[in-house]
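Data block below; observations after.
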Amino acid sequence: MREWTADRVAEEAGARLVRGAGAPVGPRRAVIDTRRVERGDLFAGLRGEHVDGGDFAGQALEDGAWGVLVGAGGADIADVPADGAVLVADDPLVALQRLARGWRRALGAQVIAVTGSTGKTSTKDLLAAILRPHRATVASPENFNTEIGLPLAILDAPRGTEVLVLELAMRGAGQIAELTEIAEPDVGVIVNVGPVHLEILGTIEAVAEAKAELLRDMGRDGTGVIPAREPLLDGHRPPGLEIVTFGEGGDVTLAAVEDGRLRIDAAGTPVTLEIDLPQAHQRVNALAAVAAARAIGVTPDGPVEVAFSAMRGERIDLPREVVVINDCYNANPMSMRAALDDLAMSARGRRVAVLGDMLELGSDELAFHREIGRHAAQRGVDVLVTVGPLGAAMADEFDGETHAARDAAQAAQVTAELLADGDTVLVKASRGVGLEAVAEKLAERTVAHG
């Protein structure tokens, strides 16, 4: 948008320009929070359930915003004694999405959209790291993966961007389709399909159908990247869309792991990534990333410098040889099992698992939690700390040492008291449980007693 006139911005957004036709060209980005407004920004006043962001548009102009995008009736702010363009639309969110789609087209960048029940953020991080040595790449920031965050991520991409790597999140049917319409991806990646959002969608088959909206709504000249041997997606391969599979039995497979290197067979082409990924699920994510990169003509090779998003398998080395695996950003049965597998493989001393509620699993939620307790036992967990009323069901199928905590604060206290030298502690639950408090407490305790 940087070189667009106010008239062009309004046209792309489908909005009316009621003031500021002579504003300096181009807002540099869009924001929806007046606390983040900087000079040259476009402030979009979105309507919330209780608050209309348009009510703060005048303040945004006074703070130096390039302009504001507000709902119908917001033309009154044209009287605010501050410079800046004023755009009015019937629905500011729809206008913001249209503006993002217009900027995506103007960039001319190739777009890779990544979704999945688990691991989509890590796959996005890996893919961006793989592409950056070859193309000018921009990836969506952490959590910018919804109908609001996605357009903000696109609008933040500068002119000269060659590849946009965008994460798509969903909670119900139709949401991936909405995001696909905004992003218009050239490559669509489905990392996996698992039991998430069952409270809304009901069945795992419905989850697969919702994720597959990405494949259904992509242009037929694009490429779909999906896991091999995933029967849930078999009925969702649109005719004419090129499909590339990854994982065992797929087009892109793992040939060997040796000395911090992944040797990959990419449809007959050898690829070597110099990256230490001890977790099996992260290696699968790397295969998906390689498949997506090759779909836009990039065959990666050599060192990969990746910074994974916070609280997603983040390993924290503490005094007294204690290791905390901070994986508490979110959780579902699939990611819980993968995290426990990683704990079993990597722990040098006692294996301590602090596991909390997995939310939105529907009527079988207790059965899913009991299964995780059983898996923890099978993977040799020494101590299990359950958090929350659903998490407590994990103890039903776990025959080792258990402790129950009602919430994150109590879990932090319990875990800090039982911690011993050399422990490896996995901390994982759905985001709403707030288990990062446990990792923070353990860091404080080991520093104090180190």
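The values are calculated or read from the model by the stated rules, or taken from the named source; none is laboratory data. What you see is a predicted model, and the numbers here were worked out from it, not measured in a lab. Note: ideal-geometry Cβ built from the backbone for every residue, glycine included; neighbour counts use all protein chains shown.
Out of the residues in the stretch 386-426 meeting the condition of being among the hydroxyl-bearing types (S, T, Y) and touching a His at 6+ places or on another chain (Cβ under 9 Å), tell me which one is nearest to I316 (Cα to Cα). Break it down stepwise before answering.
Residues of the stretch 386-426 that are among the hydroxyl-bearing types (S, T, Y), as a first pass: 386, 402, 415, 424.
Restricting the remaining residues to those that are touching a His at 6+ places or on another chain (Cβ under 9 Å) gives 386, 415.
Numbers: T386: 21, T415: 16 Å.
Ranking the qualifying residues of the stretch 386-426, first place goes to T415.
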Every residue from the stretch 181-212 that is surrounded by fewer than 24 Cβ atoms within 10 Å (Cβ to Cβ) and among the charged types (D, E, K, R): E181, E184, D186, E199, E205, E209
Counted residues, the stretch 65-93 - those being at pLDDT below 90 and either farther than 22 Å from R28 by Cβ or not aliphatic (A, V, I, L, M) (or both): 10
Qualifying residue in the stretch 404-418 (condition: within 18 Å of N332 (Cα to Cα) and part of a helix (DSSP H, G or I)): yes
Residues (under 25 Å from G119 (Cβ atoms) and in a loop (DSSP other than H, G, I, E, B)) located in the stretch 419-444: A429, S430, G434, L435
Within the stretch 315-374, considering residues that are surrounded by fewer than 15 Cβ atoms within 10 Å (Cβ to Cβ) and among the hydrophobic types (A, V, I, L, M, F, W, C), the one farthest from L418 (Cα to Cα): A367
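Matching residues to (1) out of contact with any helix residue (DSSP H, G or I) (no Cβ under 7 Å at 6 or more places or on another chain); (2) assigned to a loop (DSSP other than H, G, I, E, B); (3) without any contact (Cβ under 8 Å) to a residue 24 or more places away in the chain; (4) not assigned by TED's automatic domain parsing to the domain that holds G54:
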{"site": "V86", "(1), (2), (3), (4)": "no, no, no, no"}
{"site": "A113", "(1), (2), (3), (4)": "no, no, no, yes"}
{"site": "A129", "(1), (2), (3), (4)": "yes, no, no, yes"}
{"site": "N143", "(1), (2), (3), (4)": "no, yes, yes, yes"}
{"site": "L150", "(1), (2), (3), (4)": "no, no, no, yes"}
{"site": "V165", "(1), (2), (3), (4)": "no, no, no, yes"}
Criterion violated by E181 - all others in (1) in a helix (DSSP H, G or I); (2) under 19 Å from S117 (Cα atoms) satisfied: (2)
So R19, is it farther than 14 Å from I148 by Cα, in the same structural domain as D83 (by TED's automatic domain parsing) and either at pLDDT below 90 or buried (at least 22 other Cβ atoms within 10 Å of the Cβ) (or both): yes
Residue check for H375: part of a helix (DSSP H, G or I), at pLDDT 95 or above and not assigned by TED's automatic domain parsing to the domain that holds G194: yes
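Confirm whether R220 is of a type outside the set (A, V, I, L, M), closer than 30 Å to G302 by Cβ and surrounded by fewer than 21 Cβ atoms within 10 Å (Cβ to Cβ).
Working: of a type outside the set (A, V, I, L, M): yes; closer than 30 Å to G302 by Cβ: no; surrounded by fewer than 21 Cβ atoms within 10 Å (Cβ to Cβ): yes.
So R220 does not fit the description; no.
Residues are listed down the side, and each one gets a yes or a no for (1) farther than 20 Å from A347 by Cβ; (2) over 28 Å from the mean Cα position of the chain (by Cα):
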| site | (1), (2) |
| --- | --- |
| G391 | yes, no |
| F398 | no, yes |
| V414 | no, yes |
| G434 | yes, no |
| A437 | yes, no |
| K441 | no, no |
Tabulated pairs, the stretch 266-279, first closer than 17 Å to A128 by Cβ and in the same structural domain as F246 (by TED's automatic domain parsing), second part of a loop (DSSP other than H, G, I, E, B) and of a type in the set (A, V, I, L, M), C-beta under 8 angstrom, 6+ apart or interchain: L273/V304; E274/V304; I275/V304; I275/V306
Residue check, P195 within 22 Å of A288 (Cβ to Cβ) and modelled with pLDDT under 95: yes
Residues (closer than 27 Å to P303 by Cα, at pLDDT 95 or above and out of contact with any strand residue (DSSP E or B) (no Cβ under 8 Å at 6 or more places or on another chain)) located in the stretch 94-152: L126, A129, R132, H134
Test: residue in the stretch 49-64 that is crowded, with 23+ Cβ neighbours inside 10 Å, modelled with pLDDT of 85 or more, within 26 Å of the chain's Cα centre (by Cα) and of a type outside the set (D, E): yes
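For the condition in a helix (DSSP H, G or I), more than 17 Å from the chain's Cα centre (by Cα) and basic (K, R), what is the one hit in R159, R104, R135?
Working: R159 fails: in a helix (DSSP H, G or I); R135 fails: in a helix (DSSP H, G or I).
So the residue among R159, R104, R135 that is in a helix (DSSP H, G or I), more than 17 Å from the chain's Cα centre (by Cα) and basic (K, R) is R104.
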